[in-house]
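Here is the structure we will look at.
No lab work stands behind these numbers, since they all come straight from the coordinates. As the structure is a prediction and not an experimental result, all values here were calculated from the model. Ideal geometry is used to build each Cβ from the backbone, glycine not excepted, and the neighbour counts take in all protein chains shown.
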Amino acid sequence: MNAALKWIPLTLAGALALAGCSRDGFYDDRNLDYVEPAPAPSLVLPETSDPGRYQSALPIPRSGAEVAPPDEPVEAHAPRPLTAASGLEEDYVTTRQFNDKRWLVVAADAASVWPQLERFARTQGGGIERSQPSRGIMETQAGTLRLGNAVRAGASEVHCERAGQPLPRCLASLEGYLNAGASSDNTLSSLNAQRVDERRAVQLQREDDGFSVRIPYSADRAWAEIAHYLALDFTQPDKRELLSADPDDHAFVVDYLTLDNRRRGVLAQLNPFADANAQKVRLVLDGQGEQSRLRAASTGEQTLSADAQRELLERISGYLR
């Protein structure tokens, strides 16, 4: 008999032996545990143990059937995108100004702000004389309150004026009132108040020589909003810094270190002739009625590339989204 064939019976016997031990022996097939699972008995602490020293490591939440449903339908808003303005700390209510015009911006939609204006009018504004929620107009003894959508998505603008002129005392009182109530648990909203128009969105558009930002608001309002956030965000010399703001020309001048120059900064440590400085950029808003367009161009000899335009304009347009 061939010597190799002598090992066949021994191999078969070993395989049968291992197969018989695969469940309870050394080779435990755990797949069977998932075929016929069975609940294990609960652990019981000894009677001599102190119950105060133990607690549930993984507590089971209450069943959804035990939670009472809301009395009214709940309106769920889509999450807001993370932009450059998302990481800037500011109050619930902030002030905007363009020359002699002044108004407030509230970090909430108009449907949520309207009930707050009604309470303000009843408690500090001398009462409501006439109200038009669908138009966002409320006439009080303190002045005419006008509510609308702000340039930035999800925020609201509040004006307090008489005969078209802003009332500084009314605005200051209203700003303090709204900021004081920002931390309260207020979930009221008005279905009759103005709602956010999703079609009025800020858009970054490609042009022949670069990029621009189309803003569906007047140049005055867009300039005031951008000026507010540039003052908060462009505060880092040699990286991004606001140098000047001109409301008459709807323009800004900033120092901005582009991504390309930041990459050159790494090489500048090895090459002293590498240019890694911030560029001086002029931002201009061209207004056409209730529409405006923001463009960026270099003020020096070095041109601002299309990629650099897009990088800077995307950051600034993020203030409005």
With labels modelled as points extended 7 Å from the Cα through the Cβ direction, what inter-label distance (nm, one decimal) is found for A231 paired with Q97? 0.7
Rounded FRET efficiency, nearest 0.05, which uses the C-beta distance separating Q141 from Q205 and R0 of 56 Å: 0.75
Order these peptides, 149-158, 135-144, 36-45, by their mean beta-carbon neighbour count within 10 angstrom, highest first. 149-158, 135-144, 36-45
Between Q302 and D286, what is the spin-label point distance in nm, taking each point 7 Å from the Cα along the Cα→C-beta axis? 2.6
For E314 and S49, compute 0.36 nm times the residue count separating them, minus their Cα-Cα distance, and round to one decimal in nm. 89.2 nm
Take each of the peptides 282-289, 249-256, average the number of other beta-carbon atoms within 10 Å over its residues, and list them starting from the highest. 249-256, 282-289
